[in-house]
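Throughout, read-outs are computed from the coordinates displayed, never taken from laboratory work. For clarity, every value in this text was computed on a predicted model and none was experimentally measured. Here the Cβ positions follow ideal geometry from the backbone for every residue, glycine too, while neighbour counts run over all protein chains shown.
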Amino acid sequence: MLLDSLFNGVAIGSVLLVAALGLAIVFGLMGVINLAHGELMMLGAYTTYVTQLIFKLPLLKPYYNAYVIVSIFVAFIVSGVVGILLEKTVIRKLYGSPLETLLATWGVSLILQQFVRSIPLAYGTGLVISLIIGLFLPSVFSSKVKESINFKYVKFSSWIIAALAGVLSGNLISSSVSKLSRASARNVDVTAPSWMRGQVEILGTAFPKTRLMIIIITLISVIAITLFLNQSAWGMRIRAVTQNREMSDCLGISTEKVDVLTFGIGSGLAGVAGVAVSLLGSVGPNVGGNYIVGCFMVVVLGGVGNLLGTIFASFGIGIMTDLIGAGRLLSIWPDMPLPLSNTVNFFATTSMARVMIFALIVIFLQFKPTGLFPQKGRMVEN
Amino acid sequence: MEFKNLKLTKKTTFVIWVLIIAFIVAAPSILPVFRLNLLGRYLSLAIVALGVDLIWGFTGLLSLGQGIFFALGGYCAAMYLQITSSSEFPNNIPEFFGLYGVDNLPFFWEPFRSPIFSLFAIWVIPALVAGTLGFLVFRNRIKGVYFSILTQAALLVFFNFFNGQQKLINGTNGLKTDVTQLFGQMVGSESIQRMFFWFTALLVIAAWFFSKWVVKGRFGNILIGIRDDEPRVRFTGYNPVLFKTIIFSIAGGLAGISGALYTVQSGIVSPQFMTVPFSIEMVIWVAVGGRGTLLGAILGAVLINYAKSLVSEALPASWMFIQGGLFILVVTALPEGVLGWAQGEGPRNLLQRLGLKRKIETYPSLEIKNETEGLKNE
């Protein structure tokens, strides 16, 4: 019973964690809350759907079972590229005014939502492909080419190639997968491959395999991001800029590159979260909105100084949601006095559990206003 | 934050006001009933926009949760109307209670039998809720983006709560006011709606004068001080918590009044008033109109909503694109809003671009950036 509850809590928490991880890293570095984070998750979820349909084509049919694994990487790239584009076009201009960024990213999220409603997914895929090629093709050339004065022509022509590739692949996909050729605002469903259906029995309790898979995805993402931040050179630069932007800039770290990279990684993680979300339920234009507020709670509760804060906060919220929302306190302590048990019953729905958790967080903030693991410093303003 | 305090010249303000009043006076005779009703609703939204302008434009607090107070005001008004017109229903309580097997009016609705209490409740309750929430948050020096996402989370929490409580407030269905009675007439009838239009127009003007009075003088100066450099205000000996709490609850009260007026004119209040997009839209009305200018908030609310209804009637799918674009455009290109743009160098620059006006030969005032500016923003 207790194990069951713990597992459910950890499952809820791990979706929150993988979704909030990207948000927290970007917030820590740039002080920017990305309201389009939920929509980047939605893009990840739709990417899973598209990947699934493409793997049903005769050519890729033998590898169908592997599509979930492939889509994790594809979703990371798709959301990451959209995030990089967002940083380069909008967020960079608003540097230093976080509230304005908040509003601008909300605008982006509206556009993305309407985009998946009114553009056929096949052409959307084509557009994303041309974005990927256009952004990355110039960087494959050697630095000698880059320094020559004709590099702008190289850039220009690679965008033309990218556009062509996008149109071609869009047409190809829409002609071969009929489901993707029409725009629709309806929700779509991702079906898990056969090896992910069913349950596993551990210690006499049955665990659904999809949830285990999500926990594994989360675990791998957290380990990967920790290793990246702590072991790699760019990770070190990101940490340096997070701690003190001016000083890092003075020491020769290109803060601009760090910003793009971090935003790309944060958005990519949203895409991975989208894969996890698509395994839990149907995918629609509003799917991100259901998770985004949970992510905000995690960021507020966890603080921005440390990844540990994000981890503790998301599992804490996950386990509390399960404990309160499913009314498990009653089953743990059956002969609770009546007024108390009435209160527990009153909050024993998912939506009322949110109400309770918000109240708890506001109370918690009275004691630790900057979250579990605040960033240490002596600045007046932070 | 690099943001000049905008001051409209007396002449411009006067001209705009003459236009507004002329329009309001002429509206009932030139607009069809449907459009007049829409205009009335949008005017009531202008009141909540004034509140948003007070807290965001003047004090620098971006609240994404004004929908809470808006809906609270709406619920207070709707419940009063439902209770007063419930005499023909069993137990003398509104009809929907019967659906969920509730026989007695829940105790906290009891005072709403009195019209005077209800009139006060419409703005006092939202103001109290805003004050409490604000105090708990400001006390800990939570501000900036943290404050914004906390208000958004609060909004969602209230939405969940109101959505789930059928037995207390009819849950997701909301409370209808159309078929209730006021002064012996149906609230949805044309004559009452016409009266509400006038009433709303008067209250918008009253709210404008009130907001003007609030931001004038020393109180207003402190608000602007908090917006531009809060630590400095604190070090000078003022307590920003107090001022922020007061202005936040004023904005909450204005939102409540606005919600009540909007409810009686649209015929229903429901948890939909507390959805996240609606509350963020309120911010964009102010941003487009020109934050820091009270008139801008009013104009922004009315014009954007009118544009929204016109565009969504013609091309339903495109409004989201337009609105999204508007958000991005207004923060990147027009940070001071339309009125701010018109007041500043904007029109002259435009005319110069078009070649209609000669360039000034002397140097324009140089914008020397303070060297500490960059540090302060961190």
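Given charges of +1 on the Cβ of Lys and Arg and -1 on the Cβ of Asp and Glu, with all other atoms neutral, how large is the dipole of the protein assembly as shown about its Cα centre, in debye to the nearest 20?
The dipole of the protein assembly as shown has a size of about 1500 debye.
What average count of beta carbons from other chains do you get within 10 Å of the Cβ of residues in B:134-147?
Across the residues of B:134-147, the mean count of other-chain Cβ atoms within 10 Å is 4.
Rounded if a/c is under 1.5, else prolate if a/b is larger than b/c, else oblate: which is the stretch A:1-156, with a ≥ b ≥ c the root eigenvalues of its Cα gyration tensor?
oblate
Please list, ordered by chain and number, the residues whose modelled amide H lies under 5 Å from the amide H of B:LEU182; skip anything fewer than 5 residues away on the same chain.
The answer is B:VAL187.
Students often check this: by mean Cβ neighbours within 10 Å, which of A:47-54, A:30-37, A:338-345 ranks highest, and how do the rest follow? Walk me through the numbers on the way to the answer.
Details: A:47-54: 23.0, A:30-37: 26.5, A:338-345: 12.1.
Most protected by this proxy first, the peptides run A:30-37, A:47-54, A:338-345.
About its Cα centre, what dipole magnitude does chain A give when the only charges are +1 on Lys and Arg Cβ and -1 on Asp and Glu Cβ, stated in debye to the nearest 20?
On the way: 25 positive and 14 negative charges, 161 e Å.
In debye, rounded to 20, chain A gives about 780.
Modelled label-to-label distance, B:LYS216 and B:LEU202, 7 Å Cα→beta-carbon offset: nm?
In this crude spin-label approximation the distance works out to 2.2 nm.
In degrees, nearest 10, range 0 to 90: what is the angle between the Cα axis of helix B:276-289 and the longest Cα principal axis of chain B?
Between the helix axis and the principal axis of chain B, the angle is about 40 degrees.
What FRET efficiency would be calculated for the residue pair B:ASN239, B:VAL33, taking the C-beta separation as r and a Förster radius of 56 Å, to the nearest 0.05? Each step should come with its number before you reach the end.
On the way: r = 50 Å, r/R0 = 0.90.
Efficiency, rounded to the nearest 0.05: 0.65.
Let a ≥ b ≥ c be the square roots of the eigenvalues of the Cα gyration tensor of chain A; is it rounded (a/c under 1.5), or, if not, prolate (a/b larger than b/c) or oblate?
It comes out oblate by the Cα gyration axes.
Of B:ILE68, B:ILE280, B:ASN160, which is farthest on the positive side of the dipole of chain B, counting Cα position, with +1 on Lys and Arg Cβ, -1 on Asp and Glu Cβ, and the Cα centre as origin?
B:ILE280
Would you give the gap between the C-alpha center of the stretch B:285-347 and the C-alpha center of the stretch A:178-200, rounded to a whole Å?
That distance is 39 Å.
Calculate the length of the line joining the C-alpha centroid of the stretch B:45-68 to that of the stretch B:215-233, in whole Å.
16 Å
Using the charge dipole of chain A (Lys, Arg: +1 at Cβ; Asp, Glu: -1 at Cβ; taken about the Cα centre), state which of A:SER221, A:VAL32, A:ALA163 has its Cα farthest towards the positive end.
The residue sitting most towards the positive pole is A:ALA163.
Sort the stretch A:245-354 into rounded, prolate or oblate with this rule: let a ≥ b ≥ c be the square roots of the eigenvalues of the Cα gyration tensor; rounded if a/c is under 1.5, and if a/c is not under 1.5, prolate when a/b is larger than b/c, oblate otherwise.
Prolate, since a/c reaches 1.5 and a/b exceeds b/c.
Around A:VAL277, under 15 Å between beta carbons, what's the net of Lys plus Arg minus Asp minus Glu among the other residues?
Numbers: positive: A:ARG211; negative: A:GLU39, A:ASP189.
In short, -1.
Determine the calculated [θ] at 222 nm for chain A from helices alone, applying -39500 (n - 2.57) to every DSSP H run no shorter than 4 residues and normalising by the residue count; nearest 500 deg cm²/dmol.
It lands at -23500 deg cm²/dmol.
Using a 10 Å cut-off on Cβ atoms, rank the peptides B:61-67, B:203-209 from the highest mean neighbour count down.
Details: B:61-67: 28.3, B:203-209: 18.1.
Descending mean neighbour count gives B:61-67, B:203-209.
Could you give the length gained on full extension between B:SER114 and B:GLN166, defined as 0.36 nm per residue of separation minus the Cα-Cα distance, in nm?
16.4 nm
If the only charges are +1 at each Lys and Arg Cβ and -1 at each Asp and Glu Cβ, what is the size of the charge dipole of the stretch B:135-214 around the Cα centre, to the nearest 20 debye? Please report the intermediate quantities before stating the final value.
Details: 7 positive and 2 negative charges, 88 e Å.
The dipole of the stretch B:135-214 has a size of about 420 debye.
When Cβ neighbours within 10 Å are restricted to other protein chains, what is their mean count per residue of peptide B:149-155?
Taking the mean over all residues of the peptide, I get 6.
How would B:LYS216, B:LYS143, B:LYS308 line up from fewest to most surrounding beta-carbon atoms within 10 angstrom?
Values: B:LYS216 10, B:LYS143 18, B:LYS308 15.
Ordered from fewest to most neighbouring Cβ atoms within 10 Å, B:LYS216, B:LYS143, B:LYS308 come out as B:LYS216, B:LYS308, B:LYS143.
Based on the Cβ-Cβ distance of B:ALA314 and B:SER191, what FRET efficiency does E = 1/(1 + (r/R0)^6) give at R0 = 30 Å, to the nearest 0.05?
Efficiency computed from Cβ-Cβ geometry: 0.45.
Can you show me the helix-derived [θ] at 222 nm for chain B, built from DSSP H runs with n ≥ 4 at -39,500 (n - 2.57) apiece and divided by the number of residues, rounded to the nearest 500.
On the way: 17 runs with 254 residues, N = 378.
Value at 222 nm, helices only, nearest 500: -22000 deg cm²/dmol.
Mind ordering B:132-141, A:169-178, A:69-78 by average Cβ neighbours within 10 Å, highest first?
Numbers: B:132-141: 18.4, A:169-178: 16.5, A:69-78: 20.8.
Sorting B:132-141, A:169-178, A:69-78 by mean packing, highest first, produces A:69-78, B:132-141, A:169-178.
Based on the Cβ-Cβ distance from A:GLN199 to A:ILE77, what FRET efficiency comes out when R0 is 45 Å, to the nearest 0.05?
0.90
For the pair A:LEU227/B:GLN352, report the inter-label distance in nm, with labels modelled 7 Å from Cα in the Cβ direction.
5.7 nm
At a threshold of 8 angstrom on Cα-Cα distance, excluding pairs fewer than six apart, so keeping six or more, what relative contact order does chain B reach in percent? Mind dumping the intermediate values first?
Details: 535 pairs, mean separation 118.0, N = 378.
The normalised contact order for chain B reaches 31 percent.
On average, how many beta carbons from a partner chain sit within 10 Å of the beta carbon of a residue in B:157-164?
Working: counts 12, 2, 4, 9, 5, 1, 1, 7.
Per residue, the average neighbour count from other chains is 5.
Among A:VAL78, A:LEU57, A:SER118, whose Cα projects farthest towards the positive end of the dipole of the stretch A:42-142, with charges put on the beta-carbon of Lys, Arg (+1) and Asp, Glu (-1)?
Of the listed residues, the answer is A:LEU57.
Are there chymotrypsin sites (Phe, Trp or Tyr not before Pro) in the stretch A:109-198 that DSSP marks as loop and that have at most 14 other Cβ atoms within 10 Å, and which are they? Write down the numbers at each step before the final one.
On the way: sites: A:PHE115, A:TYR123, A:PHE136, A:PHE141, A:PHE151, A:TYR153, A:PHE156, A:TRP159, A:TRP195; in loops: A:PHE141.
Qualifying residues, ordered by number: A:PHE141.
What's the center-to-center distance, using Cα atoms, between the stretch A:1-66 and the stretch A:266-284 in Å?
Going from one Cα centre to the other spans 3 Å.
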